[in-house]
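Notes for the one structure printed next.
The values are calculated or read from the model by the stated rules, or taken from the named source; none is laboratory data. Just so we're clear, the structure is a prediction, and the values are computed from it rather than from any experiment. Heads up, the Cβs are rebuilt from the backbone with ideal geometry, glycines too, and the neighbour counts pull from every protein chain shown.
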Amino acid sequence: MTEQDQKELGKTLWAIADQLRGSMNADDFRDYMLSFLFLRYLSANYEQAAQKELGADYPDVAADVMEQTDATTPLQIWYEENAADVDEFEKQMRRKVHYVIEPDYLWGSITYLAKTQSGQLLNTLQKGFNYIEERSFQSNFQGLFSEINLASDKLGRKYEDRNAKLCSIISELARGMSLFSTDTDTLGDAYEYLIGHCGGLGQEGGRVLHASANLKHSLGHRHARQPSARDGLAQEARERFRFACGSGSLLLNVRHRMKKAGGTISKIYGQEYNVTTYNLARMNMLLHGVKDTEFEIYHGDTLTNAWDYLRETNPAKKPKFDAVVANPPFSYRWEPTDTISEDMRFKGHGVAPKSAADFAFLLHGVMSVDIRGDLRG
């Protein structure tokens, strides 16, 4: 995206923000926009794959003709005309793009409801988010959209008011974003703008800002280092883990580097305490085509060893990783309890002082896993 395009994108997003002044804080606005943009990207990617899969059978229907048939997307027309073939089609889509979105929940259908001021927009959007969380992918992504509340009084006190507000926001977003690509670079640029201009990130703002500022580069793989001879060990790696994985950008860049070097990662593991960046990391993986069976991101605190999976003591069952990558949380305070020294990770190693979160993170985090390969920062 050119610098001029980025400026126009910013103007579009700011115009939408103006509609919510006084009723919603900056953090909430950012989260709503990210969810809508994520749905937009998933829908565009899915429809492109469906068009390729169906070939000449994919309906080539003008927008004005679709309106006359009450259809909202070409795929909806195909579903209605080929009901007996839908199950097999969806099986093929799960094999090729690893997820399914029913026509009613595609971005085109949602924007149609918004533009026509349909009273069913809010309910349909909520059903769509639930569908993506629970049924679109092989894995269950419960809480993927937990950062937005479509029943919030911030949108309006009555259903009708909330629905009308969403109609206005989504119509404006669809109109403005129609000028821009649906690729991952655009989503990265949009999110970077929202972070930089929508202020108020809360107590964990520093961590969120640091993780999100790298999202744009991660989404576009813009700064991935070229593979070198030093990456020889990495080419043999099968499983990688990152404590406090943030938006998942480092894990994705490692994956990208390995693919360029001819290597593979069978599964990516990560743990993230901040719920905003936890959801963002899961979105980020899906946006990059990482199969939902190829990654596992856990919502929990590394320093308190919140993930049961990492507390396994049976040598035969204890998780093993070829390598661990990490960026220590230098600005984060470590508050060990009096009984923390009895934790299985710390016996024989000692407990880091309260002011040394980075030391606690590296020492105590790494002690909780069995590393077959190397530790890389």
Out of (1) over 30 Å from ALA151 (Cβ atoms); (2) surrounded by fewer than 19 Cβ atoms within 10 Å (Cβ to Cβ), the one ASP18 does not meet is (1)
Here the qualifying pairs (Cβ atoms under 7 Å; residues six or more apart or on different chains; first in region 105-120 and more than 19 Å from SER35 (Cβ to Cβ); second of a type outside the set (Gly, Ala, Ser) and surrounded by fewer than 22 Cβ atoms within 10 Å (Cβ to Cβ)) come out as GLN117/CYS167
Subset of region 94-133, residues over 21 Å from the mean Cα position of the chain (by Cα) and among the aliphatic types (A, V, I, L, M), comes to LEU113, ALA114, LEU121, LEU122
Requiring at least 2 residues that are within 27 Å of GLU192 (Cβ to Cβ) and modelled with pLDDT of 65 or more, the helices (runs of 4 or more DSSP H) wholly within region 226-292 are 249-260, 275-287
Screening LEU179, LEU173, LEU150, LEU155 for residues that are in contact (Cβ under 8 Å) with a residue 24 or more places away in the chain, surrounded by fewer than 16 Cβ atoms within 10 Å (Cβ to Cβ) and not hydroxyl-bearing (Ser, Thr, Tyr) leaves only LEU179
TODO: For GLU47, indicate whether it is of a type in the set (Asp, Glu) and surrounded by fewer than 16 Cβ atoms within 10 Å (Cβ to Cβ).
DONE: no
